[in-house]
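K.L.:
This is the structure, below, for whatever I ask next.
Rule-based calculations on the coordinates, nothing more; no lab input. Model, not experiment: these values are computed from the prediction. So basically every Cβ, Gly included, is an ideal-geometry build from the backbone, and we count neighbours across all protein chains shown.
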Amino acid sequence: MLPKLVVMVAGLATVTASGCLSSEWTSHNGFCYWKSPSRATWQAAETACENLDLRAHLASVRDLDENAFLKEHMGAYNTWIGLNDLAQEGHYVWTDGTSTSFYLWAPGQPNNSDNQDCIDIWDTAVGEWNDAKCEENLPYICKMPEA
């Protein structure tokens, strides 16, 4: 019985005061964000987020405030987010099922040049979005609700 109790206590200790899994995650408006120190393809990045926690996905962006947070606090330039049109060209969906009512496309984007289906935040003044080839290796940001 004692080992189970120790595991439970250790599990509780991994949630920070902000409700995030650890100090490596950043809290903002009820969500936790983590930027990977490495690069991955879009699908590998989504899988890596899910492997961190069942509630985690590549970041969805609900509004300009959240996009500005990602750009300023997460260093989200040329970084995968969860938006894609893999299932149907031109029909964009978030990996976490969030509604797709907000977009911040860079001028001329999305352009689907050479079959680009995955979205990253581009290195622009406001962190506009770009469609890119899903096979590119980019940094990525995971997002999940606070505990």
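K.L.:
Quick one: which residues, 5+ away or cross-chain, put their amide H under 5 Å from the amide H of residue 140? H built at 1.01 Å from N.
P.N.:
Excluding prolines and chain starts, which carry no amide H, the hits are 36, 80.
K.L.:
A further question follows. Hey, can you grab everything whose amide H is under 5 Å from the amide H of residue 146? Only 5+ residues off in sequence or another chain; H modelled, so Pro and N-termini drop out.
P.N.:
It is 31, 32, by chain and number.
K.L.:
Determine the gain in length on full extension of the stretch residue 68-residue 100; use 0.36 nm per residue of separation and subtract their C-alpha separation, reporting nm with one decimal.
P.N.:
9.8 nm
K.L.:
Between residue 27 and residue 133, what length comes free when the chain is fully extended (0.36 nm per residue of separation minus the Cα-Cα distance, one decimal in nm)?
P.N.:
This chain segment gains 35.2 nm when fully extended.
K.L.:
Over the range 100-147, what lengths in whole Å, largest first, do the semi-axes of the equivalent ellipsoid take, defined as the square roots of 5 times the eigenvalues of the alpha-carbon gyration tensor?
P.N.:
Each semi-axis is the square root of five times an eigenvalue, giving 20, 15, 11 Å.
K.L.:
Could you work out how much longer the chain between residue 86 and residue 115 gets when fully extended? Use 0.36 nm per residue separation minus the Cα distance between them, nm to one decimal.
P.N.:
9.5 nm
K.L.:
Follow-up. Can you list residues from other chains, or at least 5 along the same chain, whose modelled amide H is less than 5 Å from the amide H of residue 105?
P.N.:
For residue 105, the qualifying residues are 129.
K.L.:
Suppose only helical runs count, i.e. DSSP H with n ≥ 4. What mean residue ellipticity at 222 nm does that imply for the chain under -39500 (n - 2.57) per run, divided by all residues and rounded to the nearest 500 deg cm²/dmol?
P.N.:
Rounded to the nearest 500, it is -7000 deg cm²/dmol.
K.L.:
What nm value, rounded to one decimal, do you get for the distance between residue 52 and residue 38 when each label is placed 7 Å out toward the C-beta?
P.N.:
1.4
K.L.:
Considering only lysines 8 or more places apart in sequence, or on different chains, count the pairs in the chain whose C-alpha atoms sit under 22 Å apart.
P.N.:
Lysine pairs meeting the criterion: 6.
K.L.:
Need one number for the range 35-145: average projected area of the convex hull over its C-alpha atoms, nm².
P.N.:
For the Cα atoms of the range 35-145, the hull's average projected area reads 6.3 nm².
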